[in-house]
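*Asks:* Before anything else, here's the structure in question.
The values are calculated or read from the model by the stated rules, or taken from the named source; none is laboratory data. Keep in mind the model is a prediction, meaning the values are calculated, not measured. Counting neighbours? That spans all protein chains shown, and the Cβs are built from the backbone with ideal geometry, glycine included.
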């Protein structure tokens, strides 16, 4: 295992054991965080901007990013928190999909820039059905990859083997029926919580690679633009798997910042299928 990834995972375990507070993020092994920011005490402190009705299509604006040319690494045989090997690659992974608007704008961001994304979706959220017509072509082209985040986002470690299997199978069926692809072998356990039972059930279903992370935008809950940018600046680094969420509009207001940060650092966005195979 890459030494940085190993140390990051150890650090996360120490934080969890110490009861450290993780602001607006899924908590679990692989969930890394900086010193928690001081959040506003009132929602009035959050300045919301109007959601744009239309983002220019890819034909109107040249993409910033292009499909990577690389020698693929073997598909891992167990849990990953980062991209093995050396290079300047980064995998931005986006979870949940509570907001239809955020998923729509993520889709248009990908169309506009060529950004490559891996969505770990919960099929229970209507956003993945509502946005399927626009998102499906990106999935078919390989620019966007879909991973299994369970049907309804429970803590799998508290479920029976049958319930774990139902969560993964129901979501897999939804992904196949809606997008025509399988999410296997990649799944992300909600909250990053995993144990031998979860691993064994998932493996028996063909989900052999639990995907955790090595850095977070910390936006599963509501944070400010500046806070999200600070987390992005800290964690958008070579060989990192970074977790974000399609839950609140804040991230959509930071898309230009994220694209510019990736370009300035000469990072190459990849999906998991780009990197492994």
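*Asks:* Give the residue, chosen from 141, 127, that is over 15 Å from residue 92 (Cα atoms), surrounded by fewer than 17 Cβ atoms within 10 Å (Cβ to Cβ) and modelled with pLDDT of 95 or more.
*Replies:* Just one listed residue meets the conditions, 141.
*Asks:* If residue 238 meets every condition in (1) farther than 21 Å from residue 109 by Cα; (2) in contact with a helix residue (DSSP H, G or I) (Cβ under 9 Å, 6 or more places away or on another chain); (3) not in a helix (DSSP H, G or I) apart from one, which number is that one?
*Replies:* Against the list (1) farther than 21 Å from residue 109 by Cα; (2) in contact with a helix residue (DSSP H, G or I) (Cβ under 9 Å, 6 or more places away or on another chain); (3) not in a helix (DSSP H, G or I), residue 238 comes up short only on (2).
*Asks:* Something else: Please work out which residue is surrounded by the most Cβ atoms within 10 Å (Cβ to Cβ), limiting yourself to the range 186-208 and to residues that are in contact (Cβ under 8 Å) with a residue 40 or more places away in the chain, in contact with a helix residue (DSSP H, G or I) (Cβ under 9 Å, 6 or more places away or on another chain) and outside any helix (DSSP H, G or I).
*Replies:* Checked the range 186-208; the qualifying residue surrounded by the most Cβ atoms within 10 Å (Cβ to Cβ) is 189.
*Asks:* So, in the range 64-87, how many residues would count as being surrounded by 13 or more Cβ atoms within 10 Å (Cβ to Cβ) and under 15 Å from residue 270 (Cβ atoms)?
*Replies:* Residues in the range 64-87 being surrounded by 13 or more Cβ atoms within 10 Å (Cβ to Cβ) and under 15 Å from residue 270 (Cβ atoms): 13 in total.
*Asks:* Sticking with this one: Under 6 Å between Cβ atoms, which residue pairs at least 6 apart in sequence (or on different chains) link something in the range 62-83 that is closer than 23 Å to residue 188 by Cβ with a partner that is assigned to a loop (DSSP other than H, G, I, E, B) and modelled with pLDDT under 90?
*Replies:* 81/30
*Asks:* Can we say residue 266 is in contact with a strand residue (DSSP E or B) (Cβ under 9 Å, 6 or more places away or on another chain) and surrounded by fewer than 21 Cβ atoms within 10 Å (Cβ to Cβ)?
*Replies:* Here the answer is no, as residue 266 does not meet what is asked.
*Asks:* For the range 120-172, give me the residue count where each residue is in a helix (DSSP H, G or I) and without any contact (Cβ under 8 Å) to a residue 24 or more places away in the chain.
*Replies:* Within the range 120-172, residues that are in a helix (DSSP H, G or I) and without any contact (Cβ under 8 Å) to a residue 24 or more places away in the chain number 8.
*Asks:* Looking at residue 232 and the list (1) assigned to a helix (DSSP H, G or I); (2) buried (at least 16 other Cβ atoms within 10 Å of the Cβ); (3) over 14 Å from the mean Cα position of the chain (by Cα), which single condition is not satisfied?
*Replies:* Against the list (1) assigned to a helix (DSSP H, G or I); (2) buried (at least 16 other Cβ atoms within 10 Å of the Cβ); (3) over 14 Å from the mean Cα position of the chain (by Cα), residue 232 comes up short only on (3).
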